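Asker: Pasting in a structure now, in structure tokens, and then I'll have a few things to ask.
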Amino acid sequence: MGGVQPGSDRRTWQRYIALGDSFTEGLSDPDPAGPDAFRGWADRLAEHLAAAAPAGGIEYANLAIRGRLLPQVLAEQVPAALAAGPDLVSLVAGGNDLLRPGADPDRLAADLETAVVSFRRAGADVLLATGVDPRQTPIIRRTRGRVAVFNAHLWSIAARQGAVVLDQWGAAWLQDARLWDPGDRIHLTAEGHRRTALAAAAALGVPVAGDDTDWRTPLEPAPLRPPREVLAQELAWVRGFVVPWVGRRLRGRSSGDGRAAKRPQLERSDATVSPVIDL
């Protein structure tokens, strides 16, 4: 994963705020702190930023909430983040919108750029992330064209506004199904989040102690699965994720209804070691 370098020459930050949906909330990366608690790539990135900071720690908030659409992120999370005065924000949203038939990636990108401009004018560096290429995921691959158009806009926005882009579309290792929750196939596993945090640190130019390049290394080839096992998993995915997702859409509901951000205020984050996770 590469990145368009930020407008400033900073490689350390003191106040990082993460905005977005379930991807940034960290779903499928369980946190030992509780049964419904999650870490995720943004929490892990905050630890890398803390390790690189001269003071050995940073202030970090995570405003992301699962199920949020881009207009909700822009209306609810962006003003709160601007008021807190961060020097770095990650703004990763639009994926839920692009899953919906009729989504307009051009309109979504234009709205996103308005938020990026606001942060840049306030003196904050901005980290964006392209969507992952969904070509290997049944049903979801129908969104591939919309995702590709939105991604192209993100690179243009970054070039115009001096933002950083975490390139997930071009990350071949993300095409390994073992890095994705088998239950929904749209959220990374703990190992996927660990690698993404390292990729984000690399895009930002943040030095990481130890082996900071293993995230690029593909997993060992997976053994072939019997056709009956593959079919059973496909049916389980449709029953367990696709059908409930469609049901929520028809009822106008979201998985994030009634939920609050897991880390709504800036709090100190210190460096920790995130080990490689055995798969």
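Asker: Looking at (1) more than 22 Å from Arg194 (Cα to Cα); (2) touching an Asp or Glu at 6+ places or on another chain (Cβ under 7 Å); (3) acidic (Asp, Glu), can you tell me which one Asp106 breaks?
Answerer: Asp106 satisfies every listed condition except (2).
Asker: Return the total of residues in the range 81-108 being over 19 Å from the mean Cα position of the chain (by Cα) and free of Cβ contacts under 8 Å to residues at least 40 places away in the same chain.
Answerer: Looking only at that region, the number is 5.
Asker: Considering only residues that are within 21 Å of Arg160 (Cβ to Cβ) and either in contact with a Ser or Thr (Cβ under 7 Å, 6 or more places away or on another chain) or not aliphatic (A, V, I, L, M) (or both), which ones fall in the range 79-112?
Answerer: Those that are within 21 Å of Arg160 (Cβ to Cβ) and either in contact with a Ser or Thr (Cβ under 7 Å, 6 or more places away or on another chain) or not aliphatic (A, V, I, L, M) (or both): Leu82, Pro86, Asp87, Ser90, Val92, Gly94, Asp104, Pro105, Asp106, Arg107, Asp111.
Asker: Check whether at least one residue in the range 185-200 is hydroxyl-bearing (Ser, Thr, Tyr), part of a loop (DSSP other than H, G, I, E, B) and more than 15 Å from Pro30 (Cα to Cα), and report yes or no.
Answerer: Taking every residue of the range 185-200 in turn, none turns out to be hydroxyl-bearing (Ser, Thr, Tyr), part of a loop (DSSP other than H, G, I, E, B) and more than 15 Å from Pro30 (Cα to Cα).
Asker: Among the residues in the range 118-135, are any in contact with a His (Cβ under 7 Å, 6 or more places away or on another chain) and of a type in the set (D, E, K, R)?
Answerer: Scanning the range 118-135, I find no residue that is in contact with a His (Cβ under 7 Å, 6 or more places away or on another chain) and of a type in the set (D, E, K, R), so the answer is no.
Asker: So for the range 122-136 (the condition being charged (D, E, K, R), surrounded by 15 or more Cβ atoms within 10 Å (Cβ to Cβ) and touching a residue at least 40 places away in the same chain (Cβ under 8 Å)), does at least one residue qualify?
Answerer: There is at least one residue in the range 122-136 that is charged (D, E, K, R), surrounded by 15 or more Cβ atoms within 10 Å (Cβ to Cβ) and touching a residue at least 40 places away in the same chain (Cβ under 8 Å).
Asker: Go through (1) within 12 Å of the chain's Cα centre (by Cα); (2) not in a helix (DSSP H, G or I) one by one and return the number of the condition Thr24 breaks.
Answerer: Going through (1) within 12 Å of the chain's Cα centre (by Cα); (2) not in a helix (DSSP H, G or I) one by one, Thr24 breaks only (2).
Asker: Mind checking which residues of the range 14-38 are under 27 Å from Pro207 (Cβ atoms) and surrounded by 23 or more Cβ atoms within 10 Å (Cβ to Cβ)?
Answerer: Result: Tyr16, Ile17, Ala18, Leu19, Gly20, Phe23, Thr24, Glu25, Gly26, Asp29.
Asker: Can you go through Ala199, Ala190, Ala177 and tell me which one is of a type outside the set (Lys, Arg), closer than 23 Å to Leu88 by Cα and either in the same structural domain as Ser22 (by TED's automatic domain parsing) or out of contact with any strand residue (DSSP E or B) (no Cβ under 8 Å at 6 or more places or on another chain) (or both)?
Answerer: Of the residues listed, the single one that is of a type outside the set (Lys, Arg), closer than 23 Å to Leu88 by Cα and either in the same structural domain as Ser22 (by TED's automatic domain parsing) or out of contact with any strand residue (DSSP E or B) (no Cβ under 8 Å at 6 or more places or on another chain) (or both) is Ala199.
The values are calculated or read from the model by the stated rules, or taken from the named source; none is laboratory data. Computed from a predicted model, the values in this text were never measured in an experiment. No Cβ is skipped: glycine too gets one built from the backbone with ideal geometry, and neighbour counts run over all protein chains shown.
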